[in-house]
Structure formats: C-alpha cells, structure tokens
1. A:Leu72: part of a helix (DSSP H, G or I) and away from every other protein chain (no Cβ under 13 Å), yes or no?
2. Scan region B:317-354 for residues that are away from every other protein chain (no Cβ under 14 Å), surrounded by 24 or more Cβ atoms within 10 Å (Cβ to Cβ) and not small (Gly, Ala, Ser) and jot them down.
3. Just to be sure, is A:Lys114 assigned to a helix (DSSP H, G or I), farther than 17 Å from A:Ile10 by Cβ and either within 14 Å of another protein chain (Cβ to nearest Cβ) or touching a Ser or Thr at 6+ places or on another chain (Cβ under 7 Å) (or both)?
4. Condition first: surrounded by fewer than 17 Cβ atoms within 10 Å (Cβ to Cβ), among the charged types (D, E, K, R) and more than 14 Å from the chain's Cα centre (by Cα). Now tell me which residues in region A:1-27 satisfy that.
5. Filter region B:389-399 down to the residues that are under 15 Å from B:Ala357 (Cα atoms) and among the hydrophobic types (A, V, I, L, M, F, W, C) and list them by number.
Amino acid sequence: MSEDIYREMILDHYRNPRNKGKIEEPDIRINDSNPLCGDEISIDLKVEGDIIKDIKFDGRGCAISQASASMLTEMVSNKPLTTIKDITKDDVLENIGLTNLGPARIKCALLSLKVLKLGMVKYYVDRDPTSAAQMKDESKVF
Amino acid sequence: MQALLDVRKIRQDFPILNRRLKDGKKLVYLDNAATTQKPNEVIDAICKYYSDYNSNIHRAVYQIAEEATEEYERTRENVRKFVNAKYEEEIIFTRNTTESINLVAYSWGNANIKKGNTILLTEYEHHSNIVPWQILCKSRGARIKYLEVDEDGYLDLEVLEELLSRKGDGKIKLVSLSEMSNVLGTIFPATEIIKMAHEKNIPVLLDGAQSVPHMKTDVQQTDCDFLAFSAHKMLGPTGVGVLYVKKAILEQMKPFISGGDMIKEVHKENTIFNDLPYRFEGGTPNIADVIGFSSALKYLNRIGMENVRDHELEMTNYLLSRIQEVKNIIVYGPKVAKDRGGLVSFNIEGIHPHDCATILNDFGVAIRSGHHCAQVLMEKLDIVASSRASLYIYNTKEEIDILIDALNHARRIFNL
C-alpha cells in the first residue's frame, strides 16, 4: 500500500531536500532523465584528493526520485569517490526504506544512483581514457 | 435523467471489467486514451480466425484462404463506411497511427516537401505527429512551424489564417494536426481548419487517434486529405492502424514498405507495383487483428457514435465538476465539457503525477501519469508531467466518485 511508500522520511526529503542546487565550477557535472516519466536529476561534485568534498543535486520529478537523490547525497558526502563504485541498487533501496517497489517505480528510486555512477565514470575516463571499458562495466546500475 | 447508454449491460460484454485486482478491488479503468478494453466479440473473432480459418490472404485459392481474404477485405469496407470514405481503396491498414503518419511523411513527404518549405503542426501534437516530420524536414532542408495553443487549450484561427497566407520562403506545404488533444482534451474545429487550408491549396493530415474512437467521423464532410487512427483505442486489437488518403493523392504516392503482396510483377531489374490500396500493404499483414477490428466497429455502430459522444459528454461534465472539489487541483484544457473529448488532465499541487498514480492504484484506479508523449506541450505548460483520466463507453459516475475519493486520499497521505 502507498502508506508504506510515502512515509514521513520520504516526504521530508522530498519537501526539504538536502544538498539541493548547483556547485559553482564543479569537478563533475552530470545529468540524466527517465524517458518514461520525465524525472530529471543532475549532480554536481567537488572532488579533492579523491574525496567528495561537496555534492549537490538538482532536478524535477516524483517524491521517490527526489527523496532518493537527497538521501544519496548524504550517503556519499565526504567519502572517497571510489565508494560510488561499490554502492549497489539494494544499498540505495534499503537506505531509503523501499525494498518492495514495482518495476516501474524502482527506476525512479535508482535514477540518482545511475547519474552518480555516470559522473564517477566520466571523472576517471576524462583523466585516463584507457580505463573507459572497465569503468563502464563496473558502474552499471541495471 | 435517463442514462444515454445501458452501461450496465455494456460492462457485461467486457470480461476484464469483472476481474479482481490483488487485494480484491475492482478495476476502475480510466486510461482509455492510451488503449481501450476489448469486448468478448472482438476477442472471439480473433480466436475464431486462428481456430477456424487461419491462412494467408490474397494469394491462395483454397477455401480457408478465401474465407480469410473475404473477412480481411470486409473490414476494409467496414472501415470505409465507418469514416464515410468514398472508395474502399482509400483505406490502408498499418500497425498504428504512428506508422500511418510515417507512411505519409516518407511517401508523400519525400515527393512533395522541398528545401525551404514549412510544415505546420500545433504545440499540442503527440510525438507521433512531430518526430516523422522532424526527420523529413532534416533530410529535405525544410522547417516545422508550431501553431500556438493558448492557456485554455484553444487555437487562434486568425494566427492560423496569417500563417496559411505566407508566400515565398516559409510557405506552408502541409498542415498536420490532431483533431483532439490527448492531454488538453480539446476538440479542434477540423472542418473549419481544413477549409481554411484548402483555400490556399494546402493539404491537411488529421491525426484522429483520439477523435475517431469518440465521435462520428466523416472524411467527406471534413474533407481531410489524410486521416490516421488506431484500432486499439476503439475497442479493437493492438497492431492495427488505419490510414485514409484521398484517392487522387494516393494514386500519386510511391510505396513505403516494399516486398511481398504489394507487387504485380517482379523481374530482375524492375517491379510493377500492385493496385491501390495493396501497394501500401507490403508483407503479410496483421490478418487476425484486422478481422477482430471489424467486430469492434460493429459494436460501436450498434451503440451509435452520437450516443458514445453524448455519454462521454455527460461523464466529462460530471468529472469536471467533481474534480474541482479536490483542493489545490489544477485542471488543464477547456473549462467546458462540450469543447472536450472524454479526458481530463490535472495535477494536484505538491504531488507529482507518478506519486498520484501510485496511490490511485491502491483503489484499483488506473490512470496515466507522465508527459503523454506530448513533451512540446508539457514545455509550453511548464510542467514535467500530468495525470490524466480518460473515459469510454463503459465508465460510470460511480467510478468517477472512486477516483475523487482516491485523489483526496492522496492529499491526506501527502499531509496536504
């Protein structure tokens, strides 16, 4: 039932998103959208010595996609950039407390993770183009 | 007031309306603009073809193939009557409205759209009436102009007149528009628009995907040059579309899909194409579903398209008035039901349409949420998405009441 999805925590992050906005001169800026529903997420990152010093997301979309993005930024803030590689979709779903989503809505919940991983890949590939193939394999969400 | 249709009786003809969802709830199906449900006689006609006379059409001389050919061609005649076309050969079967429009873009478009020409669309078009023209225009060096839609969901015919009068560079070579918006619900004055275009010798393609299923269609009266629509939005099976083209235009058009069945003779170096309309139906068509479509047309004819329209008017009126009871609701399109088909798009402030649709699903209510394949219009309305409830012959006021209860419940869940 929907009451199980739209709990206080989700609604709180939806209405009061953490780390929302843009970073001036980010080291990474990346965005993607969900073609089926039009959810959009863009993520800016500031990286210092491989540590995520600042992260901001921006976007429009449903409560699930926006709350999930908000919680994801909290999850990786001040962590090494490489931790992004190891975050699984189950990690994100457990973190936001939604492990029973149907196939249509699960894409909303995971859009921000997809964008974050794309950003990490772009960051490393820009610095070492030969790592492209391996990085792409390691960062697939779906 | 006496109900216009015997909806209780109609509902018995649709097996899906009797099913129970996960938690025993009834299905409240309000996504008819996406696809409608199918009555038993359509499902039975498809089964009968496969179990009784399954065979390929047009070529074989044995009995069951002749039966299949006869039923397939009977559908063509039934479609002709349904839209009141003059000739049977003006009716081409495709897969869907999208393919019908693509056929016109590739065949007619490539022969007639030249560098510097303009194709006039509107801002409320479905992607299927935008993308084929974008591809054509890119390859031909032509341009698209969008006729604006105002905030209440209407077109300004004076602006249209000005655009149609343009000469030289920027002259309009084709108008392609939907007779009814799948988001705003507006029914546009097709006959008047076509008359205006014809005064300047500009042909008009009418996208009838939303209008043909819901009101009487008469291609001789509207005088459209092309009409595209889909069977599955009018009780018929998926995988069957129709393209009507005026015979004089069709005779000049080159084939789109080429290969089997659309030829008279094939030699090593050249081919003589088949007669109309077979020239435009390359390969084995969707025989079973075309035959099934006949039963859908028969069903709608029995009810009468005027009665379909009247029933939807009554339901839309009720939906428009009840939905205003929901706090913080934004309704898109015309304020009055008479200017609308049977659909209403809306947003509740503070609830994204996907969240709204998820909560409505708890009530068994099936509505559509998203951009409805009309992102140009979404940009104009400055929204990412909307919710849409769309009605058909089997929907009742009780179902609309359930929708309203569910919307109020969504507001409670979001603490609004």
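1. yes
2. Within region B:317-354, B:Leu319, B:Arg340, B:Leu343, B:Val344 meet the criteria.
3. Judged against the criteria, A:Lys114 is not a match.
4. Residues satisfying the conditions are A:Glu3, A:Asp4, A:Arg7, A:Glu8, A:Asp12, A:Arg15, A:Lys22, A:Glu24, A:Glu25.
5. B:Ala389
A quick yes/no check of all residues on (1) of a type in the set (A, V, I, L, M, F, W, C); (2) at pLDDT below 95:
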| site | (1), (2) |
| --- | --- |
| B:Ala190 | yes, no |
| B:Lys195 | no, no |
| B:Phe229 | yes, no |
| B:Met234 | yes, no |
| B:Gly260 | no, yes |
| B:Pro277 | no, no |
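Okay, residues lined up against (1) among the small types (Gly, Ala, Ser); (2) crowded, with 16+ Cβ neighbours inside 10 Å; (3) not in a helix (DSSP H, G or I):
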residue: B:Asn54; (1), (2), (3): no, no, yes
residue: B:Ala65; (1), (2), (3): yes, yes, no
residue: B:Thr75; (1), (2), (3): no, yes, no
residue: B:Asn78; (1), (2), (3): no, yes, no
residue: B:Glu89; (1), (2), (3): no, yes, no
residue: B:Asn102; (1), (2), (3): no, yes, no
residue: B:Tyr106; (1), (2), (3): no, yes, no
residue: B:Tyr124; (1), (2), (3): no, yes, yes
residue: B:Ser128; (1), (2), (3): yes, yes, no
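For (1) over 30 Å from B:Val131 (Cβ atoms); (2) within 14 Å of another protein chain (Cβ to nearest Cβ); (3) buried (at least 20 other Cβ atoms within 10 Å of the Cβ); (4) out of contact with any strand residue (DSSP E or B) (no Cβ under 9 Å at 6 or more places or on another chain), each residue gets a yes or a no:
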residue	(1), (2), (3), (4)
B:Ile367	no, yes, yes, no
B:Ala374	no, yes, yes, yes
B:Ala385	no, yes, yes, no
B:Ala389	no, no, yes, no
B:Asp401	yes, no, no, yes
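The values are calculated or read from the model by the stated rules, or taken from the named source; none is laboratory data. Because the structure is a prediction, the values reported are computed rather than measured. Quick reminder, even Gly has a Cβ in these numbers, built from the backbone with ideal geometry, and neighbours come from all protein chains shown.
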